[in-house]
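Here's the structure, in structure tokens; my notes come after.
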Amino acid sequence: ITTPSQEIVPPSQAVTPAAYKLPPMSNYKTLAENEVLKLMYETRVNHQQRNHVIISVIFNNTSDSHIKGLEFNILDSLNTKLVRGPGNSSHEPIKVQFDLPAETQNESQFAFTVESIQMAQKLKGTLTYVIKIDDGYTHDKIDFKLVLPCTSYLVGLPCNGDAFAKLLGSGDLLEKYS
């Protein structure tokens, strides 16, 4: 192998693709955190249903206590609503289908219907849970704000150089800056 400066590099010293630091495939952000729980979330577009978005939440028990009875609730906005079970009101929480033993994590997904993507959404929510303490159990909660920017509803598509040049030259793009 030769470099641009014509140095000869033995194959054993050549840079491999594994040597490059690539960004993670996921884009989890912190949703909320307290002394026993850390919630991380990622927004995913639902390709099967046009007006839906999926929020994937990782529940991380950072304590040495057992956590159970997790209930996830979001206040609906005019444009974005948490999909709850049939017959449930818009104020009822969703029961998370797992417990969190000490120092473990698990993931759950929540679907939202979306009426309009023209404005970013800031949805208030609460996670309530029961945590084991020395002499029994106690209830606790963690409040959070779920931020859904307009870009969270977009689906990325690959575009090669020729297609991009054609798009730029077509006059279909109204804005020159983002």
His139 vs (1) closer than 15 Å to Ile55 by Cα; (2) exposed (fewer than 10 other Cβ atoms within 10 Å of the Cβ): all pass except (1)
Exactly one of Glu71, Glu107, Glu103, Glu115 is exposed (fewer than 15 other Cβ atoms within 10 Å of the Cβ), under 17 Å from Asn34 (Cα atoms) and either under 17 Å from the mean Cα position of the chain (by Cα) or not aliphatic (A, V, I, L, M) (or both), and that one is Glu103
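Restricting to the range 132-159, give me the number of residues that are within 15 Å of Lys29 (Cβ to Cβ), assigned to a loop (DSSP other than H, G, I, E, B) and at pLDDT below 75.
Here is the first cut: in the range 132-159, the ones within 15 Å of Lys29 (Cβ to Cβ) are 144-149, 151-152.
After this cut, where a residue has to be assigned to a loop (DSSP other than H, G, I, E, B) as well, the list is 149.
Restricting the remaining residues to those that are at pLDDT below 75 gives none.
Count: 0.
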Residue count, the range 84-94, condition within 19 Å of the chain's Cα centre (by Cα) and loosely packed, with under 14 Cβ neighbours inside 10 Å, comes to 0
Within the range 58-101, the count of residues that are part of a loop (DSSP other than H, G, I, E, B) and β-branched (Val, Ile, Thr) comes to 3
Considering residues that are charged (D, E, K, R) and within 30 Å of Thr113 (Cβ to Cβ), the number found within the range 51-65 is 0
Taking the range 118-130 and keeping residues assigned to a strand (DSSP E or B) and either open to solvent by 20 Å² or more (accessible area, probe 1.4 Å) or touching a Phe, Trp or Tyr at 6+ places or on another chain (Cβ under 7 Å) (or both) leaves Lys122, Lys124, Gly125, Thr126, Leu127, Thr128, Val130
Restricted to the range 90-124 and to residues being of a type in the set (Phe, Trp, Tyr) and without any contact (Cβ under 8 Å) to a residue 60 or more places away in the chain, the residue farthest from Asn61 (Cα to Cα) is Phe110
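If we keep just the residues of the range 120-150 that are hydrophobic (A, V, I, L, M, F, W, C) and within 19 Å of Asp99 (Cβ to Cβ), which is farthest from the chain's Cα centre (by Cα)? So that I can check it myself, show each step before the final result.
Quick first cut of the range 120-150, residues hydrophobic (A, V, I, L, M, F, W, C) only: 120, 123, 127, 130-131, 133, 142, 144, 146-148, 150.
Then drop every residue that is not within 19 Å of Asp99 (Cβ to Cβ), which leaves 127, 130-131, 133, 142.
Working: Leu127: 16, Val130: 24, Ile131: 25, Ile133: 31, Ile142: 18 Å.
That would be Ile133.
The values are calculated or read from the model by the stated rules, or taken from the named source; none is laboratory data. Every value quoted in this text rests on a predicted model; they were computed, and no experiment measured them. In this analysis, Cβ positions are derived from the backbone assuming ideal geometry, glycine residues included, and neighbour counts consider all displayed protein chains. Ligands, DNA and RNA are excluded from the accessible area calculation, which covers all protein heavy atoms including side chains. Shrake-Rupley method; radii C 1.70, N 1.55, O 1.52, S 1.80 Å.
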